[in-house]
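Visitor: My questions all concern the structure below.
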Amino acid sequence: MKTVITYGTFDLFHVGHIRLLNRLSELGDRLVVGISSDEFNELKGKKSFFSYEERAEIVSACRYVDEVFPEHNWEQKLSDIRQYNAKIFAMGDDWEGKFDFLSDYCEVVYLPRTEDVSTTKIKKTLSKLKKNELEKIESSLHDVIEIVKTMSHD
Ligand code: C2G
């Protein structure tokens, strides 16, 4: 049984996550995923839209994933690798080199990220949409106020 282990926040689950998990599942017989807890996300400077429980439910429903577990800190990877007897630790290549110290215990693999999609980009696009919509509502309100003013003078 060749186990692959990876970690992530996996907020606003998107094709970048799915494509990575698919590729990771092809590296072995079992894929286990450490999902960053809400508290650990704060340590990473991230505030996820979905809670840990929701993100864990979504990722564990993914056909490529066999098991999920909480990621509470940076230090737990080695004990996780031992607990799951993981033969491969793999991440997207935005982490290239950051976890090479694990190569004494298992194979360390960095796979190319999926370009042009990220949770941050999704959030930015949505907030821009919201801003545009609010500006449209505001200008329509001004028009209505002007009409009411005109009518009240007549
Ligand atoms: N990813 C990807 N392509 C994207 C976005 C993300 O391949 N367009 C990969 C990342 O490289 C990472 C995984 O998907 O391997 C999860 O990404 P995030 O949810 O952003 O996780 P991150 O904040 O990188 O947390 O201890 C490790 C950390 O918990 C990793």
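The values are calculated or read from the model by the stated rules, or taken from the named source; none is laboratory data. The structure displayed is predicted, hence computed values, not measured ones. Glycine gets a Cβ as well: all are built from the backbone with ideal geometry, and neighbour counts include every protein chain shown. Surface areas here come from the heavy atoms of the whole protein model, side chains and all, with no ligands, DNA or RNA. Shrake-Rupley method; radii C 1.70, N 1.55, O 1.52, S 1.80 Å.
Visitor: Using a Cα-Cα cut-off of under 16 Å, which lysines could be cross-linked to residue 47, ignoring same-chain neighbours fewer than 8 residues away?
Guide: Straight-distance partners of residue 47: 121, 123, 124.
Visitor: Another question, if that's okay. Could you sort the peptides 138-148, 113-123 by per-residue average Cβ neighbour count (10 Å cutoff), highest mean leading?
Guide: Final packing ranking: 113-123, 138-148.
Visitor: Continuing with this model, one more query. Residues with amide H under 5 Å of residue 92's amide H, sequence separation 5 or more or different chain, H placed in the peptide plane at 1.01 Å from N; which?
Guide: When sequence neighbours closer than 5 places are left aside, the close amide H contacts are 111.
Visitor: Additional query: Sorted by mean Cβ packing within 10 Å, highest first, what order do the peptides 53-64, 71-82 take?
Guide: Most protected by this proxy first, the peptides run 53-64, 71-82.
Visitor: Taking the Cα centre of the chain as the origin, how large is its charge dipole in debye, to the nearest 20, when only Lys and Arg (+1) and Asp and Glu (-1) carry charge on their Cβ atoms?
Guide: Dipole magnitude for the chain comes out near 220 debye.
Visitor: As a test of the formula, what do you get for the chain when each DSSP H run with n ≥ 4 contributes -39,500 (n - 2.57) and the sum is divided by the residue count, at 222 nm and rounded to the nearest 500 deg cm²/dmol?
Guide: So the helix-based figure for the chain works out to -14500 deg cm²/dmol.
Visitor: Something else about it: Can you pull a Stokes-Einstein diffusion coefficient for the chain at 20 °C (1.002 mPa s), Rh from Kirkwood over Cα pairs, as a whole number of µm²/s?
Guide: Estimated via Stokes-Einstein, D reaches 120 µm²/s.
Visitor: What is the calculated FRET efficiency for residue 118 to residue 75, with r their C-beta to C-beta distance and R₀ = 30 Å, to the nearest 0.05?
Guide: Efficiency at R0 = 30 Å is approximately 0.70.
Visitor: Contact order normalised by length for region 3-111, with contacts defined as Cα pairs under 8 Å and 6 or more residues apart; what percent is it?
Guide: That works out to 31 percent.
Visitor: Express the accessible area of the chain per residue in Å², computed with a 1.4 Å probe while the remaining protein chains stay in the model.
Guide: 63
Visitor: Identify all lysines with a Cα-Cα distance to residue 2 below 16 Å; exclude those on the same chain that are fewer than 8 residues away in sequence.
Guide: Within reach: 87.
Visitor: OK, next. Ignoring ligands, DNA and RNA, please state the percent of accessible area on the chain from carbon and sulfur, probe 1.4 Å.
Guide: 56
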